[in-house]
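Structure first, then comments.
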Amino acid sequence: MTTREWLATAVLVTPLAGIVAAAVAPHALLSRVEIVISCLSAIAAAALAVVALAEPAHRELGRWIVVDPAGGLLIGVIGAVGLASALVSPQFLTARRGSLFRADRADRIYWATLFAFWAVLLAVPLAGNLGAAWLAIEATTAASALLVGFSGRPRALEAGWKYLILTSLGLGVALLGILVLQAAAGGGGLETLTWRGLPHASLDRETTVVAYVLLLAGLAAKIGWAPVHNWLPDAHSEAPAPVSALLSAALLPAVLLVAWRSQQALAPTIGEGTAGGVLVGFGLVSLGVAVPFLWRAQAWKRLLAYSSLEHMGVIALGIGFGGPLALAGVAIHIAGHAVAKALGFYAATPLLAHDPRAAGHSVGGIGRTEPTLGASLGISLGALAGLPPSPLFVSEVLIVAGGFQVGRPWAASAAAILLALGFLGLAHALIDTVIGRPRGRDRHPALGLRPVAALTAVAVPLLLALTAAALWLPDSAIVQGLVRGLG
Amino acid sequence: MNGIAFALVALGIGVVVVRRRSIAVGLVTAQALLLAAAAFGEETSFDAAVAAAALVLRGVVLATLFLFLVRRTRETRPVRAGVAPLARAAAAVGLALTLIWLMPPLGLDSEAAERATLTLVAIGLVTAATRRATLFQVLGIVLVENGLALAALSLPGTSSLAIEIGVAVDLLLIALVAGVFHERIFAEFGAGDTAALRSLRDN
């Protein structure tokens, strides 16, 4: 086995230790043991990400495992967000009231399902073929639905149920697309579905277009692209904050990577224009649907959920455009969105302790009553809005410029207008949340603020570093690797 | 294969119109067993035997789980669907005909298998969309997966056994998680009725 294969195996196996620990570790030590295992998992993920991104021209293309720059980027993001979610989970578990499960088992089940979710999530970018990627995505549904409904509250039950049914049906449609693709290739077993084999398979164009549309329409239900995004606002707002962060910052882009790989693998058969056009369509519709909701006064986590819809639309546009500028923007956008969005969700735990009304209503003036929490919320929302020097400002500029670069001026112009409108909506929410008039009189101590403040201190230099990286990335070997894909 | 495809569709239509959960569970289980018979009848290779065994196992485990849930969550009367049985059947047939009309040839072994696959997917989607009972919505997913299993059996050449077994395991996991939710929803609202969930919405 090569170093990359060893590292990939370590990335997949290490989180499984967290599931075992959830079953056998003494209750008093459970959180500490799980955090140690999460550190080991994150180290393995970071090592693989560094190896994949340091040598972007060198790719590992096996039947079952793929290691490439795009996968390396996602592995790094999933590893980092998974670690941060594990670090803030003890605060969530201490503050939780009630659960879907028996009280004496709830903590163990939480940790076991969190690690199961993390493990299958890490498998998605590493899957060497479309079938295995589908299996990993479907497996994320089972684990994450339990986590979405973890609180056992009626609204959480609704959110978890809706998520389970809608995404499972969507993935059924995606599987139909995979089967049509396999039929178009004349059978041939697993080899026809590998990322290395698909671009060279001899496929009928008309059938492949149908398969591609079915595949993307099905994956859209999981990515949360409009118009099949109905589960997203409920699931993000009802899930425990550490899980919301994993859902938004890691799951959605990981599934999006499979859509990206499918586009790159099938473009030689159906044409670059068709393959990219479907993604651009999903991107523009998602942006168009998200913007009105960003203008409405929303509960904090619900606002972040609609922001996820917007950002998944932006990434879809970047992938659909596909040139070096747009793909550099995509890489920065995935990383920047992960940092800012995860921070926003983690800040929800102390926010709800500080102002319980935040669960169902928009909040105001948090910076006046709890300045540290206000700073965390402000940095998260400012970065997500694309307020300079946020890396998301640079990435959005790169993606729009990329649209012009590849000859899609109308789509790029529409995207620019929608992004400006989205910015205005989020900027208004930013001002209101941080320095607006405080609403409600019963403000309490923001329990669980310390780890969020520490994560904010890490997030700020990370966001600035991403902004700086965006300046040299378009000409880098990493972007050349992204453009080249797996073909 | 034509006879089996016809029987699968007939059983699927039955799931759309029946009121009782246990009868619907019996119908989707019969579908799984028919699919297993088709897998075994096609050829006598090791792969075919494993695929058939996986389908039988999947069908039996799902039936056991669903019937266990039906027993644990006895309802005084079946949850009313928002749409009348004939209208549901008409919607399923209409969607199936639309899909068959829209889709080019899928490249499966026979035209009957292609039409039955698309019809079962349509029936599954309509079942999940028009039934309020939680268990029926899960059965909608199983119907879609049964249609996809038929497509996998009708692929030209070989298909990947590992992927097929993985799909069956994933479906079992989804059904298990749905079972956890179904029980909790029943405990919370006194019925496995998704209309009770929708009444929670305030916007």
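The values are calculated or read from the model by the stated rules, or taken from the named source; none is laboratory data. Computed from a predicted model, the values in this text were never measured in an experiment. Cβ: placed from backbone, ideal geometry, glycine included. Neighbour counts: every protein chain shown. Side chains are part of the model used for accessible areas, which takes the heavy atoms of the whole protein and leaves out ligands, DNA and RNA. Shrake-Rupley method; radii C 1.70, N 1.55, O 1.52, S 1.80 Å.
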Worksheet entry | Rounded tilt (10° steps) of B:2-17 against the dominant C-alpha axis of chain B | 10 degrees
Worksheet item: Can you list residues whose amide H is under 5 Å from A:ALA127's amide H, if they're 5+ apart or on another chain and H is modeled 1.01 Å from N?
Response: A:VAL66
Worksheet item: For segment A:115-192, what does the equivalent ellipsoid look like in terms of its semi-axes, each the square root of 5 times an eigenvalue of the Cα gyration tensor, given largest first in whole Å?
Response: 29, 15, 5
Response to the item:
What the Cα atoms of segment A:410-487 span along the principal axes, largest first and in whole Å, is 58, 34, 23
Fill in: Buried solvent-accessible surface, both chains (B, A), 1.4 Å probe, Å² to nearest 100
3900 Å²
Worksheet, complete the sentence: Between the Cα axis of helix B:46-72 and the main Cα principal axis of chain B, the angle (0 to 90°, nearest 10) is 10 degrees
Practice prompt. Starting from the Cα coordinates of segment A:156-234, work out the convex hull volume and express it per residue in Å³.
Written response: 91 Å³
Worksheet, complete the sentence: Computed over chain A: longest principal axis from alpha-carbon atoms vs helix A:449-472 long axis, angle to nearest 10 degrees, is 30 degrees
Worksheet item: Along the principal axes of its C-alpha atoms, what lengths does segment B:108-203 span, in descending order and rounded to whole Å?
Response: 51, 25, 22
Fill in: Using θ = phi - 60° and Karplus 6.51 cos²θ - 1.76 cosθ + 1.60, couplings along segment A:206-211 (whole Hz; Gly, Pro as x)
4, 5, 5, 4, 4, 4
Worksheet item: segment A:1-137: D in µm²/s via Stokes-Einstein (Kirkwood Rh, Cα pairs, 37 °C, 0.692 mPa s)?
Response: 213 µm²/s
Practice prompt. Two decimals is fine: what's Rg over Rh for segment A:307-366, C-alpha atoms, Kirkwood radius as Rh?
Written response: 1.17
Discussion item. How much accessible area per residue does segment A:165-236 have, counting only protein heavy atoms and a probe of 1.4 Å, in square angstrom?
Written reply: 24 Å²
Worksheet entry | Distance (nanometres) between label positions extended 7 Å along Cα→Cβ at B:GLU183 and A:ALA10 | 4.0 nm
Practice prompt. Filter the GluC sites (Glu not before Pro) in segment B:41-114 down to the DSSP loop ones having no more than 13 other Cβ atoms within 10 Å, then list what survives.
Written response: B:GLU43
Worksheet item: With charges set only on the Cβ (+1 for Lys and Arg, -1 for Asp and Glu), what does the dipole of chain A come to about its Cα centre, in debye to the nearest 20?
Response: 1140 debye
Worksheet item: Taking the Cα atoms of chain B, what is the range of coordinates along each of the three principal axes, in descending order and whole Å?
Response: 51, 34, 30
Practice prompt. Note the direction-averaged projected area, equal to a quarter of the hull surface, for the Cα convex hull of segment B:26-111, in nm².
Written response: 8.1 nm²
Worksheet item: Per-residue HN-Hα couplings for segment B:109-119, Karplus 6.51 cos²θ - 1.76 cosθ + 1.60 at θ = phi - 60°, whole Hz, x for Gly and Pro?
Response: 4, 9, 5, 4, 5, 4, 5, 5, 4, 5, 5
Fill in: GNM flexibility winner over chain B from B:LEU106, B:LEU172, B:LEU34 (Cα, springs under 10 Å)
B:LEU106
Worksheet entry | Hull-based mean projected area of segment A:228-273, where the convex hull spans the alpha carbons, in square nanometres | 3.9 nm²
Response to the item:
Rounded to two decimals, the Debye log10 I(q)/I(0) of segment A:193-345 (Cα scatterers, no solvent) at q = 0.18 Å⁻¹ is -1.01
Worksheet item: Ignoring ligands, DNA and RNA, what percent of the accessible area of segment B:49-103 is carbon or sulfur (1.4 Å)?
Response: 69 percent
Worksheet item: Averaged over peptide B:177-189, how many Cβ atoms belonging to another chain are found within 10 Å of each residue's Cβ?
Response: 5
Worksheet item: Expressed in nm², what is the orientationally averaged projection area of the convex hull enclosing the Cα positions of segment B:114-155?
Response: 2.4 nm²
Worksheet item: Which residue, chosen from A:GLY382, A:TRP118, A:GLY76, occupies the Cα position most advanced towards the positive end of the dipole of the protein assembly as shown, where the dipole is computed from +1 (Lys, Arg) and -1 (Asp, Glu) charges on Cβ about the Cα centre?
Response: A:GLY382
Fill in: Reciprocal mean inverse distance between Cα atoms of segment A:55-211 - Kirkwood radius, Å
17.7 Å
Worksheet item: Whole-Å semi-axes of the protein assembly as shown's equivalent ellipsoid, largest first, each the root of 5 times a Cα gyration tensor eigenvalue?
Response: 38, 30, 24
Practice prompt. Taking only protein heavy atoms into account and a 1.4 Å probe, give the accessible area per residue of segment B:1-72 in Å².
Written response: 49 Å²
Discussion item. Suppose R0 equals 35 Å. What FRET efficiency, 1/(1 + (r/R0)^6) with r the Cβ-Cβ distance, do B:ALA30 and A:ALA57 give to the nearest 0.05?
Written reply: 0.05
Response to the item:
Scalar couplings 3J(HN,Hα) for segment A:56-62 by Karplus 6.51 cos²θ - 1.76 cosθ + 1.60 (θ = phi - 60°), nearest whole Hz, x for Gly and Pro, are x, 6, 8, 10, 9, 10, x
Discussion item. Leaving out ligands and nucleic acids, and using a 1.4 Å probe, what accessible area per residue does segment A:325-422 come to in Å²?
Written reply: 30 Å²
Discussion item. Tell me the carbon and sulfur percent of the accessible area for segment A:255-333, rounded to whole percent, probe radius 1.4 Å.
Written reply: 68 percent
Worksheet, complete the sentence: Counting only protein heavy atoms with a 1.4 Å probe and every protein chain in place, the carbon and sulfur fraction of the accessible surface of segment A:117-223 in whole percent equals 62 percent
